[in-house]
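*Asks:* Handing you a structure now.
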Amino acid sequence: MRPDGDPEPDDYGLPRVDVVVPDDARELDREVLAYRREERRRRRRDRVGRLLRPFTRYGLAIPIITGALLIALVSGGLMTAFGPRPAPRPTGTLLAPHPSASPGRVGGVLPDAEVAMVGKERTPVALRDLRPGVIGIVPPSCGCEHLVAELAGKTREFHLNLWLAADRREDSAPADRTRRELIALAGAAHAGTPQIIEDGRGVLAGTYGPPPGSPGLTAVLVQPDGVVAHVLHSPQPGPALTEKIRALG
């Protein structure tokens, strides 16, 4: 020891260091555990750094692009699920060439007229292309929510269509209000998805509807070949109605 208190250097010019070697290696357990914890933290930091390196390399550009893609995917899914359904295409079955009745009657095809599918936009469609399925002619204040729900569920079960058209022969309300009421009626049918059609000339109601003033819905059942199988005024849900709808397929 030098007079100033510093240890004397060893043969290599280095200061003397007191090293204590424990008699039992277990005395180093705490130091070993601390070392291993630090190593685990370092490995986690390295893994996170490798994962984030592609995003941090270009600053904020990658996160912004990723967020935009996610928003586009979610928006596309919502539009597919809740957006308006496209106008139905004619089935692969040809229109019946020689029906047993004249157009507009049971056993005949639908009248040769044009209606419009109501969605985000109005899409013209030939009335005779509405097949196979059920066309519901709805008078004002019909109170037929339960029947529409039943028709929606059964047509969906048998892979058919359901269309709703307003009977405006005695309806003095504005057309927009009638359309909104029809859309609300369709929206209440949770078991299926009725499609709204606009019959500006009143062809359906005039051809198949009940006498003016009748409060019930009229169901026109159309086969794949365009032939009207049944016209049911105020039908009642039950096995008989189910069987008639099933037979359309």
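The values are calculated or read from the model by the stated rules, or taken from the named source; none is laboratory data. These numbers were taken from a predicted model, which means no experiment stands behind them. Here the Cβ is made from the backbone with ideal geometry for all residues, glycine too, and neighbour counts use every protein chain on show. The accessibility values were calculated without ligands, DNA or RNA, using every heavy atom of the protein model including side chains. Shrake-Rupley method; radii C 1.70, N 1.55, O 1.52, S 1.80 Å.
*Asks:* Can you report the number of residues in segment 145-179 which are within 26 Å of the chain's Cα centre (by Cα), more than 15 Å from Lys244 (Cβ to Cβ) and in a loop (DSSP other than H, G, I, E, B)?
*Replies:* Result for segment 145-179: 1.
*Asks:* Please determine whether any residue of segment 148-155 is within 19 Å of Leu185 (Cα to Cα), of a type outside the set (Lys, Arg), touching a residue at least 40 places away in the same chain (Cβ under 8 Å) and out of contact with any strand residue (DSSP E or B) (no Cβ under 8 Å at 6 or more places or on another chain). I'd like the intermediate steps shown before the answer.
*Replies:* As a first pass, look at segment 148-155 and keep what is within 19 Å of Leu185 (Cα to Cα): 148-155.
Next cut, of a type outside the set (Lys, Arg) only: 148-153, 155.
Next cut, touching a residue at least 40 places away in the same chain (Cβ under 8 Å) only: 148-152, 155.
If we keep only those that are out of contact with any strand residue (DSSP E or B) (no Cβ under 8 Å at 6 or more places or on another chain) too, we end up with 149-150.
Checked against the condition, which is being within 19 Å of Leu185 (Cα to Cα), of a type outside the set (Lys, Arg), touching a residue at least 40 places away in the same chain (Cβ under 8 Å) and out of contact with any strand residue (DSSP E or B) (no Cβ under 8 Å at 6 or more places or on another chain), segment 148-155 yields at least one hit.
*Asks:* Let me ask something additional. Considering only residues that are in contact (Cβ under 8 Å) with a residue 12 or more places away in the chain and either within 18 Å of Gly213 (Cα to Cα) or polar (S, T, N, Q) (or both), look in segment 167-180 and name the one that is most open to solvent (accessible area, probe 1.4 Å).
*Replies:* Glu170
Conditions tested, residue by residue: (1) touching a strand residue (DSSP E or B) at 6+ places or on another chain (Cβ under 6 Å); (2) touching a residue at least 60 places away in the same chain (Cβ under 8 Å); (3) open to solvent by less than 20 Å² (accessible area, probe 1.4 Å); (4) part of a loop (DSSP other than H, G, I, E, B).
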site	(1), (2), (3), (4)
Ile197	yes, yes, yes, no
Gly200	no, yes, no, yes
Leu204	yes, yes, yes, no
Thr207	no, yes, no, no
Pro211	no, no, no, yes
Pro215	no, yes, no, yes
Leu221	yes, yes, yes, no
Pro224	no, yes, no, yes
Pro235	yes, yes, yes, yes
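*Asks:* Does segment 114-144 hold any residues that are within 21 Å of Leu221 (Cβ to Cβ), in a strand (DSSP E or B), open to solvent by less than 20 Å² (accessible area, probe 1.4 Å) and not β-branched (Val, Ile, Thr), and which are they?
*Replies:* Met117, Gly133, Gly136
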